[in-house]
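The values are calculated or read from the model by the stated rules, or taken from the named source; none is laboratory data. Keep in mind the model is a prediction, meaning the values are calculated, not measured. Quick reminder, even Gly has a Cβ in these numbers, built from the backbone with ideal geometry, and neighbours come from all protein chains shown.
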Amino acid sequence: MSHKTHQYSVDLKWVGSLGTGTKEFTGYKRDHVISAAGKGDILGSSDPAFRGDSTRWNPEESLVHSIAACHKLWYLHLCFDAGVNVLAYEDTAKGQMAENGDGSGQFEWVHLYPRVLIDAQSDAQKARALHGDVGAVCFIARSVNFDILHTPTIVKSKV
């Protein structure tokens, strides 16, 4: 089976040194800036539970966002292929990570709650079922080792 490859490049710069580096555990910030050519910067840090800045994106939120975004993009594609006309799409994605006694951890699950508005002529059952097909094709979902659940709400437009 032949395949194409795609490469992605981002720059990450730690901006949390307070002058003494990592000499003391409480003597530095976890802040960083993520950048890529031609795009706006993303201000990142660690989760506040790990001494991070709550006003910046943390890696855990970024992972949940990546799963939700990939799901949405593939879902829209599958809907197009199936003749389901999506008029609006929103999601509230939640994830749970377990922290181990040694400080390591891993995600246990991500749960998506997409709210999808389809046109009056589209099949709501098909629109709901297509969410179950996304995991087989979504690049991010295929790359993680935990469950991605989804509880969609499908609403038909009145017109």
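Using the structure shown, decide if A69 is in a strand (DSSP E or B) and either assigned by TED's automatic domain parsing to the domain that holds F146 or under 30 Å from Q125 (Cα atoms) (or both). Give the steps one after another, and end with the answer.
Values: in a strand (DSSP E or B): no; either assigned by TED's automatic domain parsing to the domain that holds F146 or under 30 Å from Q125 (Cα atoms) (or both): yes.
No, not satisfied.
Is it the case, given these coordinates, that K39 is in a loop (DSSP other than H, G, I, E, B), basic (K, R), farther than 30 Å from Q121 by Cβ and modelled with pLDDT of 95 or more? Talk me through it step by step, then tell me what you get.
Details: in a loop (DSSP other than H, G, I, E, B): yes; basic (K, R): yes; farther than 30 Å from Q121 by Cβ: yes; modelled with pLDDT of 95 or more: yes.
Answer is yes for this residue.
How many residues does the range 101-152 hold that are in contact (Cβ under 8 Å) with a residue 12 or more places away in the chain, more than 17 Å from A69 (Cα to Cα) and hydroxyl-bearing (S, T, Y)?
Residues in the range 101-152 being in contact (Cβ under 8 Å) with a residue 12 or more places away in the chain, more than 17 Å from A69 (Cα to Cα) and hydroxyl-bearing (S, T, Y): 1 in total.
Kindly provide the set of residues from the range 95-121 that are small (G, A, S) and either in contact with a strand residue (DSSP E or B) (Cβ under 7 Å, 6 or more places away or on another chain) or in a strand (DSSP E or B) (or both), ordered by number. Steps first, answer last, please.
So the first thing to find is which residues in the range 95-121 are small (G, A, S), and the list is 95, 98, 101, 103-105, 120.
G95, A98, G105, A120, listed by residue number.
Here is a check on your reading of the model: is T26 part of a loop (DSSP other than H, G, I, E, B), free of Cβ contacts under 8 Å to residues at least 60 places away in the same chain and over 19 Å from the mean Cα position of the chain (by Cα)? Spell out how you get there, then give the answer.
On the way: part of a loop (DSSP other than H, G, I, E, B): yes; free of Cβ contacts under 8 Å to residues at least 60 places away in the same chain: yes; over 19 Å from the mean Cα position of the chain (by Cα): yes.
Considered against the rule, which asks whether it is part of a loop (DSSP other than H, G, I, E, B), free of Cβ contacts under 8 Å to residues at least 60 places away in the same chain and over 19 Å from the mean Cα position of the chain (by Cα), T26 comes out as yes.
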